[in-house]
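> Pasting in a structure now, in structure tokens, and then I'll have a few things to ask.
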Amino acid sequence: MAQEAIPFDTHRFVQNLVASGFTETQAEALASEQINLLNSNLATKSDIAAVLAEVNSLKSDVEILRISTQSDIEALRLSTRSDIEALRLSTRSDIEALRLSTKSDIEAFQLSTEAKIERAKYDMVKWMIGAMVAQSAIIISLSVTLSKLL
């Protein structure tokens, strides 16, 4: 960027130095270096304007990034909410399937147990009838034997 001249009264500066004991050559050399120093180290209005323009450009970039980040966060929030809802529905479905399966298993176990109980009752009745028939046969046979003996 081109440097603008900084307003500096070199004539007055040289006069003050000469009045303080400097030679005119020394004073002019010192004034020249002072102008170089001021021009290279001080910001001009155009330097400040350029920095402000760059800062404004950066502010614009930051605002664009902020808006983009907000949009990304909102998209992530919606996606996460959707994923959570899908997981909730899937979990609910899995729980319902497990409940139905468990209920079916319990009913099958209940039917199996009832069938075993019925079979055990049948076997017990069969053995009781068999025992009663055998007991009756023994009693009849004893009665017949006793009646012959008497």
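The values are calculated or read from the model by the stated rules, or taken from the named source; none is laboratory data. What you see is a predicted model, and the numbers here were worked out from it, not measured in a lab. Reconstructed Cβ throughout: ideal geometry from the backbone, glycine too, with neighbour counts over all protein chains shown.
> For the range 33-51, name all the residues that are at pLDDT 85 or above and under 12 Å from T10 (Cβ atoms).
Within the range 33-51, E33, Q34 qualify.
> Condition first: in a helix (DSSP H, G or I), surrounded by fewer than 10 Cβ atoms within 10 Å (Cβ to Cβ) and modelled with pLDDT under 95. Can you find one or more residues in the range 131-138 that meet it?
Here is the first cut: in the range 131-138, the residues in a helix (DSSP H, G or I) are 131-138.
Narrowing further to those that are surrounded by fewer than 10 Cβ atoms within 10 Å (Cβ to Cβ): none.
No.
> Does A86 count as touching a Leu at 6+ places or on another chain (Cβ under 8 Å) and in a helix (DSSP H, G or I)? Can you show your working first?
Numbers: touching a Leu at 6+ places or on another chain (Cβ under 8 Å): no; in a helix (DSSP H, G or I): yes.
So A86 fails the test.
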